[in-house]
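Undergrad: Here it is, the structure, as C-alpha cells.
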Amino acid sequence: MKVAVIGGLGFIGSHIVDSLISDNHEVYIYDNLSNGNIDNKNEKATVFIGDILEISDLNTFFERVKPDLVCHHAAQIDVQTSMKHPKMDASINVMGTINVLDMCVRHHVKRIVYASSAAIYGNPHYLPVDEKHPLNPESFYGLSKAIPESYIRLYARNNHFSYGILRYANVFGPRQKAEGEGGVVAIFSSLMTEGKDCFIYGDGNQTRDFIYVKDIAKANVLALQSDKSFTVNISTNKEITVNELFQIMKQTYDYQKQANYREARTGDIVNSYLSNKEAFDIIGFEPAYSVVEGIKEMADADGQKIS
Ligand SMILES: NC(=O)c1ccc[n+]([C@@H]2O[C@H](COP(=O)([O-])OP(=O)(O)OC[C@H]3O[C@@H](n4cnc5c(N)ncnc54)[C@H](O)[C@@H]3O)[C@@H](O)[C@H]2O)c1
C-alpha cells in the first residue's frame, strides 16, 4: 500500500515510517521540519518538505503520491506554546487537519489514522480513563487535539472513507525532544547523560501511563491495516509514579545524584492511566514493552547507556 505519513520526520511519525517500511509498504513523508529532524528519515521513504497549511503544496503532494492510506501526525505539540498562542496552535492542529481531510476527499484516500492525545480528557474523573470518559481538556493543546476528532468522523461519514483515531498516553523513546508531551523521560535522559541535576515537581507520587514509541508504531500499523472506523486509547493500562520512573532511569543511566523536588505546578494532573481494552478488542493491540525495557532500549539507541 502507498502510505502518506504527515509529520513523518518527527519523533513518533519517524518510528511509524520505519515500521511501515519493514512491513513492505511504500512510504511518503510530508513534513515542514518545524520540529522534525531530517536525520530521522528512513532511507527507503520519500520526503516532501511542506506545510499542512500550504494548500497548494499539500495538493501537489497528494496528486503526485496518490496515497491509499494517510497517517496524520503533524501537529503543534507543546502545551505551553498552546497557552501562549492558542490561535497559532488551533491553526496547525485544527485547520491543518481539515486541510489534510480535504485532500483525502479530493484524492480518494481510503482511510486516515489520526494521532490524538490523553490531553483531551483533562483531569480524570475515574481510572483507568476509558473512551467514554468526558472530554474536558485543560489546555488549548488538548482542545485542538480533540476538535479534529469530530471533523474526522463527519468527513469520513459524508465521504465514505474509514478512520482510526488513536488517543496516546505519554509516549517515550529514542528521537524524542525534551520539550512537549511526555517530555519527562527525554528531559531526565538528557540531564542524566550530562550529569546535571534532575527536578521533580510535587512529591513525585503523581502517576502516568508511559508507553514506548515502538508500541505506538505497532498500533498505527494495526490501525492502518484495519477497515473499521474507531476511536481508541493506545496505552499500557498501567500507572507508574514519577519517583519510580526516576529510579528506573537512574539505574539504567548509572546516575549518582538524588532528585531535587520543586513545588507542584498548578494544573498538573495528579494521577492518570488509560484503559487499552478497546484497542485490544478492535485491532488486537497489546503493548510489548514494559517501561524498564523501553528505557533500556532507548538508552542503547541513543548511545547514552552507561551500565
Ligand atoms: N509525544 C507524545 O507523548 C504524544 C502524546 C499524545 C499525542 N501525540 C501526538 O502525536 C503526534 C506526533 O507527536 P510527536 O511527539 O512525534 O511530535 P513531533 O513534533 O516530534 O512530530 C510532529 C511532526 O510534525 C511536523 N509538523 C508540525 N507542524 C507542521 C506543519 N504545519 N506542516 C507539516 N508538518 C508539520 C514537525 O516538523 C514534526 O516532524 C502529534 O499529533 C501529537 O499531538 C504525541
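The values are calculated or read from the model by the stated rules, or taken from the named source; none is laboratory data. Since we're looking at a predicted model, the values are computed, not measured. Virtual Cβ from ideal backbone geometry, glycine too; neighbours counted across all protein chains shown.
Undergrad: Mind checking which residues of the range 65-103 are near the ligand (Cβ under 10 Å from one of its atoms), over 18 Å from GLY13 (Cα atoms) and polar (S, T, N, Q)?
TA: Within the range 65-103, SER91, ASN99 qualify.
Each row is one residue, and each column tells you yes or no for (1) buried (at least 16 other Cβ atoms within 10 Å of the Cβ); (2) touching a residue at least 40 places away in the same chain (Cβ under 8 Å).
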{"residue": "GLY10", "(1), (2)": "yes, yes"}
{"residue": "HIS15", "(1), (2)": "yes, yes"}
{"residue": "SER22", "(1), (2)": "no, no"}
{"residue": "TYR28", "(1), (2)": "yes, no"}
{"residue": "ASN32", "(1), (2)": "yes, yes"}
{"residue": "GLU43", "(1), (2)": "no, no"}
{"residue": "GLU54", "(1), (2)": "no, no"}
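Undergrad: Ok, one more. Residues to consider are LYS228, LYS177; find the one that is touching a residue at least 24 places away in the same chain (Cβ under 8 Å), away from the ligand (no atom under 16 Å from the Cβ), in contact with a helix residue (DSSP H, G or I) (Cβ under 8 Å, 6 or more places away or on another chain) and of a type in the set (Lys, Arg).
TA: On the way: LYS177 fails: away from the ligand (no atom under 16 Å from the Cβ).
Criteria check complete, one pass: LYS228.
Undergrad: In contact with a Phe, Trp or Tyr (Cβ under 8 Å, 6 or more places away or on another chain) and closer than 21 Å to HIS72 by Cα: does that describe LYS214? Can you show your working first?
TA: Working: in contact with a Phe, Trp or Tyr (Cβ under 8 Å, 6 or more places away or on another chain): yes; closer than 21 Å to HIS72 by Cα: yes.
It is true that LYS214 is in contact with a Phe, Trp or Tyr (Cβ under 8 Å, 6 or more places away or on another chain) and closer than 21 Å to HIS72 by Cα.
Undergrad: Still on this structure, please answer the following. Any residue that is surrounded by 15 or more Cβ atoms within 10 Å (Cβ to Cβ), farther than 21 Å from ASN159 by Cβ and assigned by TED's automatic domain parsing to the domain that holds PHE11 - is there at least one of those in the range 107-114?
TA: No; the residues of the range 107-114 include none that is surrounded by 15 or more Cβ atoms within 10 Å (Cβ to Cβ), farther than 21 Å from ASN159 by Cβ and assigned by TED's automatic domain parsing to the domain that holds PHE11.
Undergrad: Taking PHE246 as meeting all but one of (1) of a type outside the set (Asp, Glu); (2) over 23 Å from PRO174 (Cβ atoms); (3) surrounded by fewer than 21 Cβ atoms within 10 Å (Cβ to Cβ); (4) in contact with a helix residue (DSSP H, G or I) (Cβ under 7 Å, 6 or more places away or on another chain), write down the number of the exception.
TA: (2)
Undergrad: Could you name every one of the strands (runs of 3 or more DSSP E) located completely within the range 10-83 that has at least 3 residues being touching a Gly at 6+ places or on another chain (Cβ under 7 Å)? Write out each step before concluding.
TA: Working: elements: 26-31, 46-49, 69-72.
Output list reads 26-31.
Undergrad: Ok, one more. Select from the range 140-156 the residues that are touching a Ser or Thr at 6+ places or on another chain (Cβ under 9 Å) and small (Gly, Ala, Ser) and write down the one among them that is surrounded by the fewest Cβ atoms within 10 Å (Cβ to Cβ).
TA: Taking the range 140-156 as the starting set, the residues that turn out to be touching a Ser or Thr at 6+ places or on another chain (Cβ under 9 Å) are 140-149, 151-153, 156.
Next cut, small (Gly, Ala, Ser) only: 142, 144, 146, 156.
Values: GLY142: 22, SER144: 27, ALA146: 21, ALA156: 19.
Filtering first and then ranking leaves ALA156.
Undergrad: Right, next: Check the range 110-124 and report whether any residue there is within 15 Å of the ligand (Cβ to nearest atom), more than 18 Å from VAL70 (Cβ to Cβ) and among the polar types (S, T, N, Q).
TA: yes
Undergrad: Out of the range 184-224, which residues are of a type outside the set (Asp, Glu), without any contact (Cβ under 8 Å) to a residue 24 or more places away in the chain and surrounded by fewer than 19 Cβ atoms within 10 Å (Cβ to Cβ)?
TA: Of all residues in the range 184-224, those of a type outside the set (Asp, Glu) come to 184-193, 195-196, 198-202, 204-208, 210-214, 216-224.
When the remaining residues are screened for being without any contact (Cβ under 8 Å) to a residue 24 or more places away in the chain, the result is 186-187, 190-191, 196.
Residues satisfying the conditions are ILE187, SER190, LEU191, LYS196.
Undergrad: Which of the residues belonging to the range 13-28 are out of contact with any Lys or Arg (no Cβ under 7 Å at 6 or more places or on another chain) and either at pLDDT below 95 or within 12 Å of the ligand (Cβ to nearest atom) (or both)?
TA: If the condition is that a residue be out of contact with any Lys or Arg (no Cβ under 7 Å at 6 or more places or on another chain) and either at pLDDT below 95 or within 12 Å of the ligand (Cβ to nearest atom) (or both), then GLY13, ILE16, VAL17 are the ones that fit.
Undergrad: If the requirement is being surrounded by 24 or more Cβ atoms within 10 Å (Cβ to Cβ) and under 18 Å from the mean Cα position of the chain (by Cα), which of these qualifies: ASN237, ASN233?
TA: ASN233
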